[in-house]
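Every number here is computed from the coordinates shown, using simple stated rules; none is lab data. What you are looking at is a predicted structure, and each value in this text was computed from that prediction instead of being measured.
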Amino acid sequence: MGTVKHQHFLPREILGRYESSVYRTSGLSQAENWALIRRVFEGNGKNVAKARAFGPADAILCAGLTFDADGKPHARHANIIGWSQTDKHLRKQQAMNFASAFRYEERPATAPLPTISTQ
């Protein structure tokens, strides 16, 4: 395991709001986390997750951000919101403020990579 770079948390602008997609995985086992990744993120056959990041929601809240638990496309989905609407440097600083609290976990051998369709 290692630390996660802040760039992985930088938000996208969607319908005039900056947000970063996350899943609430507290209470899930490693196997359940990877099953969720396979079902939701890799389910379309176009994405492959080689690793995942995980950490405390409190780190995000302490960075002055909050969550919109929209439950789409899965009940555990939420968006990190509250990012600066006008200052990209502040958004970078906001991500840097909490990224160090997150850990990087490579995909275990027990969660084999999916086959990706070339069509």
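Cross-link partners for residue 88 among the aspartates and glutamates, with Cα-Cα distance under 17 Å and sequence neighbours closer than 8 places in the same chain left out: 13, 19.
Each residue of the chain gets 118 Å³ once the volume of the Cα convex hull is shared out per residue. Here the extension length gained between residue 87 and residue 30 equals 16.9 nm, from 0.36 nm per residue of separation less the Cα-Cα distance.
Residue by residue, segment 95-108 carries 3J(HN,Hα) couplings of 5, 5, 5, 10, 4, 5, 7, 9, 10, 9, 10, 5, 4, x Hz when phi is fed to the Karplus relation 6.51 cos²θ - 1.76 cosθ + 1.60 (θ = phi - 60°); x denotes Gly or Pro.
Which whole-number percent is the relative contact order of the chain (Cα, under 8 Å, 6+ apart)?
Over the chain, the number comes to 43 percent.
For residue 62 and residue 38, the difference between the fully extended length at 0.36 nm per residue and the C-alpha to C-alpha distance is 5.6 nm.
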